[in-house]
Amino acid sequence: MSLNISMSKRNIIAQLEQIRVLPILVTDDVDQAIRCVTTLAENGLPAVEITLRTPNAMTVLREVVKACPTVTVGAGTILTQAQLDAVRETGAAFGISPGITPLLAKTAADSGLPYFPGVGGASDLMLALEHGFNVVKLFPSDIVGATKMAKALGGPFPDVKFCLTGGVTVEATPALLQQSNILCVGGSWMCPASLINAGDWAEIGALAAAAAAAGKK
């Protein structure tokens, strides 16, 4: 891995450690995505994960990266080697997966793209560490135990940091972030589809500001 890529990943981790809340955006409309990401950034959330859950997601990702150069734009729900390669071509700053496989972990490690695999327990985490990943997504957080699981894994894996996603709320965020091995939390509550489709950017801005404030409590 080159020095520039290593620095890039360190910078992303440092940013997540500062803002503590990563918005997760699901939309298939380029204009809506750009407006939403801009609104999130203006209200204290200058990093975003755009999921690959929609048919047009790769185009959305590419256009948001171009339109929002001051925002750290990453891709989520990376499930395959082909998706990982496509994400790299969009210019995205980082990639995230909900789980981990040996092939995807190796591909990601070799790719140079700052990448955060998903884990649900100790075996997943051991596989992630074998490929050099010590910052991981704990998913689905609410199902696997959230801070209880992170605390349990912190014993045998003291150098690992977790991003909790799945069932996270703004109300729960301050308590979740009190645990030392929780780097950040992620969720879509500040940019729900209903508000995006309604074009209610004022409400999205208010929710983003509340999420940013919860990350600093």
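Does region 20-39 contain any residue that is open to solvent by less than 40 Å² (accessible area, probe 1.4 Å), in contact (Cβ under 8 Å) with a residue 60 or more places away in the chain, of a type in the set (S, T, N, Q) and part of a helix (DSSP H, G or I)? Within region 20-39, one or more residues are open to solvent by less than 40 Å² (accessible area, probe 1.4 Å), in contact (Cβ under 8 Å) with a residue 60 or more places away in the chain, of a type in the set (S, T, N, Q) and part of a helix (DSSP H, G or I).
For every residue, the table says whether it meets (1) over 19 Å from the mean Cα position of the chain (by Cα); (2) in a strand (DSSP E or B); (3) closer than 17 Å to residue 17 by Cβ.
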| site | (1), (2), (3) |
| --- | --- |
| 157 | yes, no, no |
| 164 | no, yes, yes |
| 169 | no, no, no |
| 180 | no, no, yes |
| 197 | yes, no, no |
| 203 | yes, no, no |
| 206 | yes, no, no |
| 209 | no, no, no |
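The condition of being at pLDDT below 95, in contact with a Lys or Arg (Cβ under 8 Å, 6 or more places away or on another chain), within 30 Å of residue 38 (Cβ to Cβ) and not charged (D, E, K, R) does not hold for residue 141. Whether a residue is surrounded by 18 or more Cβ atoms within 10 Å (Cβ to Cβ) and either out of contact with any Asp or Glu (no Cβ under 9 Å at 6 or more places or on another chain) or not in a strand (DSSP E or B) (or both) was assessed, and residue 148 does not pass this test.
Select from region 45-62 the residues that are surrounded by fewer than 18 Cβ atoms within 10 Å (Cβ to Cβ) and assigned to a loop (DSSP other than H, G, I, E, B) and list them in ascending order. Those that are surrounded by fewer than 18 Cβ atoms within 10 Å (Cβ to Cβ) and assigned to a loop (DSSP other than H, G, I, E, B): 53, 54, 55, 56. Of the listed requirements (1) over 18 Å from residue 98 (Cα atoms); (2) surrounded by fewer than 15 Cβ atoms within 10 Å (Cβ to Cβ), residue 181 misses just one: (2). The criterion of being at pLDDT below 95, open to solvent by 50 Å² or more (accessible area, probe 1.4 Å) and at positive phi holds for residue 167. Quick one: how many residues across region 123-145 are open to solvent by 20 Å² or more (accessible area, probe 1.4 Å) and either over 18 Å from residue 97 (Cβ atoms) or in contact with a Ser or Thr (Cβ under 7 Å, 6 or more places away or on another chain) (or both)? Summing the residues that are open to solvent by 20 Å² or more (accessible area, probe 1.4 Å) and either over 18 Å from residue 97 (Cβ atoms) or in contact with a Ser or Thr (Cβ under 7 Å, 6 or more places away or on another chain) (or both) in region 123-145 gives 3.
Only residues that are assigned to a loop (DSSP other than H, G, I, E, B) and open to solvent by 10 Å² or more (accessible area, probe 1.4 Å) were counted in region 93-105, giving 5.
Looking across region 72-88, just one residue is over 25 Å from residue 17 (Cβ atoms) and either without any contact (Cβ under 8 Å) to a residue 12 or more places away in the chain or assigned to a strand (DSSP E or B) (or both), and that is 82.
Can you confirm whether residue 65 is buried (at least 18 other Cβ atoms within 10 Å of the Cβ), farther than 17 Å from residue 22 by Cα, at pLDDT 95 or above and touching a strand residue (DSSP E or B) at 6+ places or on another chain (Cβ under 6 Å)? Steps first, answer last, please.
Numbers: buried (at least 18 other Cβ atoms within 10 Å of the Cβ): yes; farther than 17 Å from residue 22 by Cα: no; at pLDDT 95 or above: yes; touching a strand residue (DSSP E or B) at 6+ places or on another chain (Cβ under 6 Å): yes.
Taking the combined requirement at face value, the residue does not satisfy it.
Exactly one condition in (1) at pLDDT 95 or above; (2) open to solvent by less than 50 Å² (accessible area, probe 1.4 Å); (3) under 26 Å from residue 103 (Cα atoms) is not met by residue 9; state its number. The number of the failed condition is (1).
The values are calculated or read from the model by the stated rules, or taken from the named source; none is laboratory data. Please read these numbers as outputs of a predicted model, since none were measured by experiment. Cβ: placed from backbone, ideal geometry, glycine included. Neighbour counts: every protein chain shown. For the accessible areas, the whole protein counts, side chains as well, though only heavy atoms, and no ligand, DNA or RNA atoms are used. Shrake-Rupley method; radii C 1.70, N 1.55, O 1.52, S 1.80 Å.
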